[in-house]
Amino acid sequence: MRIGIPEGLLFHRYERFIRCFFERLGVDVIYSGKTNRKILEEGIKSCVDEACLPIKVFHGHVSKLSKECDKIAVFRLMKCEYGESICPKFCGLPELVKSGTGEDNLVFTGPLYLNDKNKAKKAFIRDAKLLGIPAYKTSRAFESAYKELFSNKQKRDLDNKIVIALLGHPYNTKDSFINMNLIDKLKKMGVGIVTEEDVSEEDKLKQQTGLMKKPYWLFLRDNFGAASYLSEKKKIDGIIYLSSFCCGTDSITIEMIRNRIKDLPMLVLKLDEHTGEAGFNTRIEAFVELLERRKKHEANLS
Ligand code: SF4
């Protein structure tokens, strides 16, 4: 039996957890690989029109795997490891994918509450049992993988002239097809990049003080916390926020970041399958130029 793992949506956040879990489980796994034009086109064909770009791309990854695998793992994430929720599409992802692609061999679809270790372990054991995998094996694999959720993230040394915080959902910031190689483009312009992963959980949490209530959404917590910390400590010259067209949670996140960072420049790039690369490039170039001029101006004043 071969289990397919779509490299879309939260794979970009939980890659180390997923790889570790299936490796320790000892099952035959096929990863769908990086997003490409064909995957996007398959996704557009099989997904509802109104869905955001990352959801369409995820459908494409599932369609690709359905030709190569016996089962496909589509997780139903209810709460992340820190207790926040994600948008409702993640709670109904298996149903959404099934109705779009017609794929009914989805596995590991039980509700996952990653903030409750025992509950999450039981869910994995239950789902793996349906595949004939004994509980002790799943438990062992889960224990190893769970540690990956909290392992240290990378810190970067930045000595570039301009440093930008690249924010947004990981399936937009890390998928080079979706973001049209934004990271490479910025690097070629000599821009240093930090992401929310470069800010510690502790620093992100501290930035929530003063809010009327604790952020409910996972990506609001991550991106707001990082933007607020990086701008307060003056570690960045500006922010590029990659957002999916028609994403409800982003509409709140972006406004909250704007209110917090005051006059720090922020460029919001909305992505969907119709986004043209030429216009996208022009906006990035203009933004970097603006940051360079601003920095020069500030240096002249001091
Ligand atoms: S949070 Fe936004 S971008 Fe992510 S799946 Fe939901 S609607 Fe799409």
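Couple of notes before you dig in:
- For the chain: accessible area per residue (Å², 1.4 Å): 49
- Taking every Cα-Cα distance in the range 201-243 and sorting them into 5 Å bins from zero, the calculated P(r) comes out as 5, 22, 32, 23, 14, 3 percent.
- For the chain, the Kirkwood estimate of the hydrodynamic radius, built from every pair of different alpha carbons, is 20.4 Å.
- For the range 1-129, a simple Cβ point-charge model (Lys and Arg +1, Asp and Glu -1, everything else neutral) yields a dipole of about 360 debye relative to the Cα centre.
- Sparsely packed trypsin sites (Lys or Arg not before Pro) within the range 230-302, loop by DSSP, other Cβ within 10 Å at most 10: LYS233, LYS234, LYS262
- Full extension of the chain between ILE183 and SER85 gives 32.5 nm of extra length, using 0.36 nm per residue less the Cα-Cα distance.
- Compared with the dominant Cα axis of the chain, that is its longest principal axis, helix 277-301 is turned about 40°.
- Net charge over other residues, Cβ less than 10 angstrom from the Cβ of LEU205 (K, R count +1; D, E count -1): +1
- Gyration tensor (alpha-carbon) shape descriptor, the range 189-291, a/c threshold 1.5: oblate
- Normalising the average separation of contacting C-alpha pairs (under 8 angstrom, six or more residues apart) by the number of residues puts the relative contact order of the chain at 17 percent.
- The range 240-302 shape via C-alpha gyration tensor axes, a/c threshold 1.5: oblate
- Translational diffusion coefficient (Stokes-Einstein; Kirkwood radius from C-alpha pairs) of the range 223-263 at 20 °C, 1.002 mPa s, in µm²/s: 201
- If you run the Gaussian network model on the chain, springs between alpha carbon atoms under 10 Å, then out of ASN181, ASN172, ASN223 the most flexible one is ASN181.
- Nearest-ten-degree value, helix 117-129 long axis tilted from longest Cα axis of the chain: 50
- Cα-based helix-to-principal-axis angle, 248-261 vs the chain, degrees rounded to 10: 30
- When SER243, SER151, SER251 are compared by accessible area of protein heavy atoms, the largest-first order is SER251, SER151, SER243, using a 1.4 Å probe.
- Surface share of carbon and sulfur [accessible, 1.4 angstrom probe, percent] for the chain: 51
- Three-way shape call for the range 1-117 based on the alpha-carbon gyration tensor, with the a/c threshold at 1.5: oblate
- Whole-percent pair-distance distribution, where bins are 5 Å wide, for the alpha carbons of the range 124-225: 2, 10, 14, 15, 14, 13, 13, 9, 5, 3, 1, 0
The values are calculated or read from the model by the stated rules, or taken from the named source; none is laboratory data. Values in this document were obtained by computation on a predicted structure and should not be read as measured data. Every residue, glycine among them, receives a Cβ derived from its backbone with ideal geometry; neighbour counts consider all protein chains shown. These accessible areas exclude ligands, DNA and RNA; they are computed on the full protein's heavy atoms, side chains included. Shrake-Rupley method; radii C 1.70, N 1.55, O 1.52, S 1.80 Å.
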